[in-house]
Amino acid sequence: MQPWMWGLALGVPALAALVPIIIHIINLTRYRKIDWAAMEFLLAAYRRTRRRLQMEHIIMLLLRVMAVVLLALAFFPMGCEQVRDWASKTLGLGGSTFTGNAPLHVVLVFDNSASMAYTQEGQTSFDRAKKYALSVIDGLRPNRDRVSIIRLSDVFVPRGLGGVVATAEDAEKSRKRRVGQLANLDIETARRELAATTVASVDTNMVIALREAQRSIEVTPENDAPGFVLVSDFASAGWREMMKDGPSNGDFVELMKKMADRMAGAGTRPVLYDAGFDDASNVAITNITCNDRIVGDGMQSSLFVDVTNFARPGSGENIRNVNLSCRIDQGPERRFGQPLNLNAGQSSTKNEVVLKASELQLKPHEKKTGASRHIEISIIEPDGLKTDNSRSFVLHIVPDVPILMVNGVPSTDPRKDETLYLDMALSISDNKIEGEARDPNKTLTRVTPNRVDTINPNQLTAKDNFLDYRLVILANVSQIPESAVGKLEEFVRAGYSLVIFDGDRVDHQRYNVDLYKAGKGLMPVKLGAPEGSNDVGAKLYTLTPREDKHPILSIFMGRPEDKAALTDPEVIRNWRGVELPVGSEIDPLNPVRVILGVNNGPEARPFMMEHNFGRGRVIYVASTASERWNEMWTGPLPIYLYHEVVNYLTNSEARYSNLGVGETYRRVLRARDVAPSYAVKDPLGTSQELPATADEGLSILEFAGTASAGVYTLQAVERGETGTQNVKWQERFSVSIEPRESDIVKIKGEEGQGAKEAVQGALGENIQIVFQKAGGDAETGGSLNSDRKRGLWLWLAVAGAIFLLAESLWSAVISKPEQ
Amino acid sequence: MAELIGKQYLDPEVLNQIRHLEVTARNVVEGFISGLHKSPYKGFSVEFAQHREYVPGDDLRYLDWKAYGKSDKYYIKEYEEETNFRALIALDTSESMRYQSGTHMSKLEYGRYMAASLAYLIQKQSDAAGLALFDEKLYDFIQPASSHAVLMRMLASLYNHPPQKKTNIGEVLKDVAQRAGRRSLVIVISDLFDSLEHLRVGLEHLHARKHDVLVFNVMDEQELNFTFDRLTQFKGMEGYPQLLVDPRSLREAYLEEVANFTAEARRHCLRNHTDFYQVNSKEPLAIVLQSYLARRTGAR
């Protein structure tokens, strides 16, 4: 509100308050005079009741004043605009000269995150938020005021190629892009945009939105008055981190202070509107995981489901008998597991649903290409937030995982052949050792349906590319032809992987030149001289984890005996000394990770190292794949370890098949996948054509429009002989809302008060805000009009009228002389 | 001229309605004419009163020979003599009596009509009626007589004196008690707006002189009900100050004061064997007199 409006806002009621006083004074001069005989009685009565009468008169006068003031307050907002119009038209006071008539630039930060879909009593938080926001816009003056809408949860659809979200840093970048801004809209456009806004499936990005809002307010011209209105449900999901002691509290306070300071100059204050429900609770499926990164045809698998009861701990919102169901490809629904009893705030993790081999088996027409299965997990009993009552997971069933192995030292002697043991180990498939693979007591045995092709190094140059494989393994290859290096780099950049085993044949200097390239090549480290002893009877060393939480080591980090299977065997005789990248060789975005070390001293020497290259990964092992430099094959360790390596490196289908909302789906097209056209169908059934793009020589399909949760279908379409459109192949991928959006429990103050106190507590006393609450009794007036405020005015009017009526009744009936 | 002037207070309609009534003395009064009123002078009239023993000198005509035959003692038969009585009407003409509300007459006008009617009635039954007009003192006194000329004088006197000055009822009644002479019926017509202590003293003087006293407390409708409904400045009569108040807010307390005053006045009257009758000047005089006189006659 402008300063002059404040003047009116206070002046009009003050003038109104004078009216009854003036009337009272006038009435005191307008009386009748009569001669009175029984004066003695009258004087006696007057002396006896004088104090009480004076008090009554004062009270009556105050009541009248209050009634008139209330009426003035009630009708002021409507009259104010008229007064302003009159001043503008009659007195010729335009916006440029009359500061009180300055254009208002309202920055509306609107929370349309997934939690806003919470429903209570037939109304969502989003309904309440939208109603309020529209009323704010309706209260503005067309052709003068303007609105900037900042939506918290838009999905940014990048033009052209987008990046693949793989790291936490990438996720953060992606999240930042989800704040949508519509700047400087006229009233009608703002209204239209707001009316068209729907609940998104992504999370709340409050700090990013506030930063945008602060920027908008900062660039508001000096002569204009900025307004800031934030509409949210104040759910813990988006607000917890900004509360006192939260990691983003500093940003929150700083941004709000800047805005409040700028607005104070124009006489406005930040308005925060709470559209959420105080006693919200929500049971949600928060995560689905699958231990099998690659599921082969005919293998069975298990999914593990996490369920959480999002309610304030101790609130008594304990939920009994939560039943879960599973459905594959829209087939019949079946329950699994025992009913869950979840106390408020409690989670139940790893609820297993076993997917039988028969349920996952490829159909005849899928045997060649593989297929994806859509598994939908649901909570049978629905609650207020339906979007997280079910969650989809897509499993890719592959006929096999093609691996190309380059044997650096072929030999008819199995002990001297460089890849024979590795070939045999990786070729063990679920079909072959099904019984053992599914023995729950043998958790280390995990198999993949690998199909291994082995070639000699001199056949490398004959390969046009390696894109028919998921993984290439170089085993003790002396040097890589220059043309093959380029193709390998292209292969890895496309998202596939390379494993390099060392050995006595390796020309480490050539490797450093051709593959390390001073930190820019495929090799993660610079190679040095071999270490260890060449004596067959020399001491053997054990392996030791250097990064316990690396996915490759995850199966060893459970039970002590599993870890012992990795760290106890003394099997390493020789290894190559390496130098980790230093100085300019270091790529900060793709650091080298040392996964395993040789336990030969206080500081274990690197044994297995990894780094990202393009969109793929490269793992270097400082020893041989054969028994040339070690005695690993005397036990089962290499079977476990190298299966995990292959699993880790070939799981790109799984990685890109289950995404969060807003993440980009990306798929590299191999030669056999290429089709004339491609289309993607979203969960609502809307289909759109998806053009293939080229990235460093690779054909890529990329789709960033993952705005809705659900299952998307990607189809490659080709024209049949009769001219019909045939689906050459199809894949599915699921998009799920982020689990933190399920936490709809409202933030609370340090002493357990409501959101208002929590926000004010987080901001401190120096930043004054106006906090309004949907459906609350203590809604306070803000600087802008709203339905709630009008409701308040109405109540004031009614109260004033009741005062006047009561006063009239008192005068006319109660005190009426008896006849 | 005086006759013409005063006759306006003899309203034929009123007189027609009360003509069958009688003004009677509740106590014995002294008089000359046999009639309605008991005389303290027991003699030998027609109505037997009592026996008493003969004493030498008694008229032997009244000796009850039948009693002598039965008791062998001499008894004289005494007869009660009925006589005329004297009535003195004391009318308050102070300034407060000037008050009138609405369209009906002022208290003084009402009192004048009342005095004239009673005087007429008393003379009509061959009793003597006199008049005392007073404000802070007794300024006009007409000795009771049963002649028409006295009635005419009384009427002229009622007409001639405008209301003025304050009431001093204590001194006035004391004066009336002294000047009335023989025992009389003293009819006081006043709003009694004076100290009740003064009233008490005055009544005691009258009672000590064996007068039969009747008080008509004449009040205006507004003085009794106080139904004013808007801000009013009350200008006090008889030297009282003025007061600007909202009468609605004071009504309850005012009525309480009036009720207390009336009760106290009634109590003083009862203690002095005085009839107290509060009259609303809005009420028709004929009905007031009818109801009061009929009740008084019945109580005789």
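FYI, it's all coordinate maths here, none of it is from the lab. Please read all numbers here as calculations on a predicted model, not as lab measurements. FYI the Cβ positions are ideal-geometry reconstructions off the backbone, even for glycines, and counts take in every protein chain you see.
Residues whose amide H lies under 5 Å from that of residue B:281, counting only those 5 or more places away or on a different chain, are B:219, B:220, B:221; hydrogens are built 1.01 Å from N in the peptide plane.
Here chain A has an Rg and Dmax of 36.8, 144 Å, counting Cα atoms alone.
Of A:416/A:539; A:549/A:748; A:487/A:526; A:487/A:517; B:124/B:210; B:107/B:137, which sit over 26 Å apart, Cα to Cα?
Details: A:416/A:539 21 Å; A:549/A:748 35 Å; A:487/A:526 21 Å; A:487/A:517 16 Å; B:124/B:210 24 Å; B:107/B:137 19 Å.
From the list (A:416/A:539; A:549/A:748; A:487/A:526; A:487/A:517; B:124/B:210; B:107/B:137), the Cα-Cα distance tops 26 Å for A:549/A:748.
For a straight C-alpha distance cut-off of 17 angstrom, the aspartates and glutamates reachable from residue A:356 (same-chain residues fewer than eight places away being disregarded) are A:292, A:297, A:329, A:333, A:376, A:430, A:434, A:436, A:439. Amide H to amide H, with H built 1.01 Å from N, residue A:772 comes under 5 Å of A:272, A:273, A:274, counting only residues 5 or more places away or on other chains. Cα centroid separation, the stretch A:637-688 to the stretch A:299-317: 27 Å.
Per the Cauchy relation, a quarter of the hull surface: what is the mean projected area of the convex hull of the alpha carbons in the stretch A:234-339, in nm²? Don't jump to the answer; show the numbers that get you there.
Details: hull surface 48.2 nm².
Seen from a random direction, the Cα hull of the stretch A:234-339 projects 12.1 nm² on average.
Residues in the stretch B:107-116 carry Karplus couplings, in order, of 4, 5, 4, 4, x, 4, 4, 5, 4, 5 Hz; the curve used is 6.51 cos²θ - 1.76 cosθ + 1.60 with θ = phi - 60°, and Gly or Pro positions show x. Only the Cβ atoms of Lys and Arg (+1) and of Asp and Glu (-1) were treated as charged; on that basis the dipole of the stretch A:401-650 about its Cα centre amounts to roughly 360 debye. The charge dipole of chain A, taken about its Cα centre with unit charges on the Cβ of Lys, Arg, Asp and Glu (plus for the first two, minus for the last two), comes to roughly 2760 debye.
Using unit Cβ charges (K, R positive; D, E negative) and no other charged atoms, how large, in debye to the nearest 20, is the dipole of the stretch A:6-70 about its Cα centre?
About 180 debye.
Rounded if a/c is under 1.5, else prolate if a/b is larger than b/c, else oblate: which is the stretch B:76-218, with a ≥ b ≥ c the root eigenvalues of its Cα gyration tensor? Could the numbers behind the result be given before it?
Working: a/c = 2.14, a/b = 1.39, b/c = 1.53.
Taking the square roots of the gyration eigenvalues as a ≥ b ≥ c, the stretch B:76-218 is oblate.
Residue-wise HN-Hα couplings along the stretch A:668-679, as the Karplus relation 6.51 cos²θ - 1.76 cosθ + 1.60 with θ = phi - 60° gives them from phi, are 8, 8, 7, 4, 6, 8, 5, 9, x, 8, 9, 9 Hz; Gly and Pro carry x.
By the helix-only formula, in which each DSSP H run with n ≥ 4 contributes -39500 (n - 2.57) and the sum is divided by residues, chain A has a 222 nm mean residue ellipticity of -9000 deg cm²/dmol. The amide H of residue B:91, built 1.01 Å from its N in the peptide plane, has B:132, B:133, B:134, B:189 as neighbours under 5 Å, considering only residues 5 or more places off or on other chains. Taking other Cβ atoms within 10 Å as a rough exposure proxy, A:216, B:101, A:115 sort from fewest to most as B:101, A:216, A:115.
3J(HN,Hα) along the stretch B:210-225, derived from phi through the Karplus expression 6.51 cos²θ - 1.76 cosθ + 1.60 where θ = phi - 60°, amounts to 6, 7, 8, 10, 10, 10, 9, 8, 8, 10, 7, 3, 5, 5, 8, 10 Hz, with x in place of Gly and Pro.
What is the local net charge at residue B:236, summed over the other residues whose Cβ is closer than 9 Å to its Cβ (Lys, Arg +1; Asp, Glu -1)? Here the count lands on -2.
When the charge dipole of the stretch A:401-650 is built from unit charges on Cβ atoms (+1 for Lys and Arg, -1 for Asp and Glu) and taken about the Cα centre, the candidate among A:499, A:611, A:426 whose Cα reaches farthest toward its positive end is A:611. To the nearest ten degrees, helix A:39-90 and the longest principal axis of the Cα atoms of chain A are 50 degrees apart.
Comparing A:597, A:537, A:120 along the charge dipole axis of chain A, the residue lying farthest to the positive side is A:120, per the Cβ-charge model.
Across the options A:280, A:270, A:315, the greatest Cα extent toward the positive end of the charge dipole of the stretch A:270-316 (unit charges at beta carbon of Lys, Arg, Asp, Glu) belongs to A:315.
Between the C-alpha center of the stretch A:178-199 and that of the stretch A:714-777 there is a gap of 18 Å.
Listed by chain and number, the aspartates and glutamates whose alpha-carbon sits under 13 Å from that of residue B:165, ignoring those within fewer than 8 places in the same chain, are B:92, B:95, B:135, B:136, B:194, B:238.
In terms of Cα atoms, the Rg and Dmax of the stretch A:655-736 work out to 12.8, 40 Å.
Could you grab the relative contact order for chain A? Cα pairs under 8 Å, six or more apart, rounded to a whole percent. All intermediate terms of the calculation are to be shown ahead of the outcome.
On the way: 1695 pairs, mean separation 122.4, N = 819.
Reported relative contact order: 15 percent.
Placing a label point 7 Å from the Cα of residue A:32 along the Cα-to-Cβ direction, the residues of the stretch B:224-256 whose backbone N falls under 11 Å from that point are B:227-233.
In units of the rule-of-thumb radius 2.2 N^0.38 Å, the stretch A:296-401 shows an alpha carbon radius of gyration of 1.26. With q set to 0.11, 0.14, 0.17 Å⁻¹, the log10 of I(q)/I(0) for the stretch A:401-650, from the Debye formula over equal scatterers at the Cα positions, is -0.54, -0.92, -1.43.
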